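Asker: One structure coming up, written as C-alpha cells, with questions to follow.
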Amino acid sequence: MSRLAQYQTIQWPSPAKLNMFLHITAQRDDGYHELQSLFQMTDYGDFLSFAPNNVGTVRLLTDFADVAHDQNLIVKAANLLKTHCAIDAGVDITITKVLPMGGGIGGGSTNAATVLMVLNQLWECQLSLPQLAQLGLHLGADVPVFIHGKTTFAEGVGEHFVPATNKHSGADAVFLVIHPGVHISTKDIFTAPALPRNTPKIDFNDYTFEQTQNDCQKLVLKHYPKVANLLQHLLHYAPSRLTGTGACVFAVFDKEATAQQALYALQSQQILDNTTHAFICHGLAESPLHTTIKSIFEVRD
C-alpha cells in the first residue's frame, strides 16, 4: 500500500500565523523591502487531506469560487513538488477551509506549505526543510515561514529566521482575531509612497510588543475605515494591532475567558456584521503541522 493510500484519512493542519510586529527597515534596489517581524504560530487553521488517484494528475476536489483550479496555491504547490521530484502518481486534495483569504494570516501560504510538507512525506521525496523552503519561495514569500514551522523572528525580505526565545514565543498568549470582510492589496500597500521605509532595526533580544508597531497599520487605517473601526473597538479590551498588510486585526490576551468576553461584547454591541470573521486562537511555539508530521513519521528537524 502506498503512503498516500495509507494516510488518506488524516486531516493535516494548515495553521494561521500572526505578525506580532512588522517593521520596514529599507527598500532594496530591486524593489523588495527589508523587514523585521515576529511570526507567531497558532493552533487555528484549515485542514487538508490527500488521497491517491489513478489519473496521474493533481486534483483539488474543493471548489474555490474566486480562484481557478490551476491557479490555486494548493494545486501549484503539488505540481511544483511533483515536477521537481519526477513523481508519476496522482493525488486528490480536499480542504476544510476556515481561514479567510487575504487576511494577513497566511491563508494561501499555509495551504501551500502543508501541501509541500505532507506530500514530501507521502511521496517519499526526502527533501530537507531548507530544500522545501526554497521551493516554497516560488509560490510566495510567506510559504517558507510555515515550512520553517516555528514562532520566529524574521528579517531580510522575510527569509532569514532568528529563533524566538520562550519569553517571546507567545506560547501562553490567547488571540482574538477579526477579519473585517474587506480585501487589501499587499501590492498597493507596499507601493504606496506614504509607507514608512526607514524604521530603525531592533535587537530581537530587546523585543516587546509595546515598543514595536506595524508600519503598514497607519496607511491601512487611513484607507480602510472598517479596519480602523474594528481596531479602535479592540483596543478597549487589550493591546491590539494589524497583522501583515491586513485585513485582519488581533488583540492579545493572557486568558481565553477574557478573550471570549471581549468577543461576546463586540457581538452584543453589533460591532461585528455578517461579513466579518472572528475567531479565538492560542499561540504555539511550533506549528501543529510539524507536530503532526513528527508524531506520524518520527522525523526530526
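The values are calculated or read from the model by the stated rules, or taken from the named source; none is laboratory data. Just so it is clear, the model here is predicted, and its values are computed rather than measured. Neighbour counts are summed over all protein chains in view; Cβ atoms, including those assigned to glycine, are modelled from backbone coordinates with ideal geometry.
Asker: I need every pair where a residue in the range 242-261 that is acidic (Asp, Glu) has its Cβ under 9 Å from the Cβ of a residue that is in a loop (DSSP other than H, G, I, E, B) and surrounded by fewer than 23 Cβ atoms within 10 Å (Cβ to Cβ), sequence separation at least 6 or different chains.
Answerer: Matching pairs, first to second residue: ASP254/ASP172; ASP254/ALA173; ASP254/ALA238.
Asker: Take PHE297 and tell me if it is more than 23 Å from VAL162 (Cβ to Cβ), touching a helix residue (DSSP H, G or I) at 6+ places or on another chain (Cβ under 9 Å) and surrounded by fewer than 17 Cβ atoms within 10 Å (Cβ to Cβ).
Answerer: yes
Asker: What residue, of THR83, THR94, THR110, is among the hydroxyl-bearing types (Ser, Thr, Tyr) and outside any helix (DSSP H, G or I)?
Answerer: THR94
Asker: Any residue at all in the range 259-272 that is under 27 Å from SER37 (Cβ atoms) and surrounded by fewer than 17 Cβ atoms within 10 Å (Cβ to Cβ)?
Answerer: Among the residues of the range 259-272, not one is under 27 Å from SER37 (Cβ atoms) and surrounded by fewer than 17 Cβ atoms within 10 Å (Cβ to Cβ), which makes the answer no.
Asker: Is the range 56-70 home to any residue that is assigned to a strand (DSSP E or B) and in contact with a Leu (Cβ under 8 Å, 6 or more places away or on another chain)?
Answerer: no
Asker: Of all residues in the range 231-258, how many are of a type outside the set (Ser, Thr, Tyr), surrounded by fewer than 22 Cβ atoms within 10 Å (Cβ to Cβ) and either in contact with a His (Cβ under 9 Å, 6 or more places away or on another chain) or part of a loop (DSSP other than H, G, I, E, B) (or both)?
Answerer: 7
Asker: If you take the residues in the range 140-172 that are among the aliphatic types (A, V, I, L, M) and buried (at least 21 other Cβ atoms within 10 Å of the Cβ), which one is farthest from the chain's Cα centre (by Cα)?
Answerer: Step by step, filter the range 140-172, then rank; the result is ALA164.
Asker: Being among the hydroxyl-bearing types (Ser, Thr, Tyr) and outside the structural domain of ALA278 (by TED's automatic domain parsing) is true for just one of THR191, THR152, THR199, THR212. Which residue is that?
Answerer: THR152
Asker: Next up: Which residues, taken from the range 82-94, are surrounded by fewer than 22 Cβ atoms within 10 Å (Cβ to Cβ) and closer than 20 Å to GLN11 by Cβ?
Answerer: The answer is ASP92, THR94.
Asker: Sticking with this structure for a sec: Give me the pairs, please: first residue somewhere in the range 170-183 and not assigned by TED's automatic domain parsing to the domain that holds GLN267, second residue anywhere and in a strand (DSSP E or B) and at pLDDT below 95, beta-carbon distance under 7 Å, and either six or more positions apart or on two chains.
Answerer: Close Cβ pairs (under 7 Å, with a partner that is in a strand (DSSP E or B) and at pLDDT below 95) do not exist here.
Asker: Would you say THR292 is part of a helix (DSSP H, G or I) and more than 20 Å from LEU99 (Cβ to Cβ)?
Answerer: Criteria not met by THR292.
Asker: Looking at this structure, is HIS69 in contact with a strand residue (DSSP E or B) (Cβ under 7 Å, 6 or more places away or on another chain) and either touching a residue at least 60 places away in the same chain (Cβ under 8 Å) or buried (at least 21 other Cβ atoms within 10 Å of the Cβ) (or both)?
Answerer: It is false that HIS69 is in contact with a strand residue (DSSP E or B) (Cβ under 7 Å, 6 or more places away or on another chain) and either touching a residue at least 60 places away in the same chain (Cβ under 8 Å) or buried (at least 21 other Cβ atoms within 10 Å of the Cβ) (or both).
Asker: A follow-up question, please. Taking the range 124-140 as the region of interest, how many residues are in contact with a helix residue (DSSP H, G or I) (Cβ under 8 Å, 6 or more places away or on another chain) and part of a loop (DSSP other than H, G, I, E, B)?
Answerer: 7
Asker: Taking the range 184-230 on its own, how many of its residues are surrounded by 13 or more Cβ atoms within 10 Å (Cβ to Cβ), of a type in the set (D, E, K, R) and assigned to a loop (DSSP other than H, G, I, E, B)?
Answerer: Result for the range 184-230: 2.
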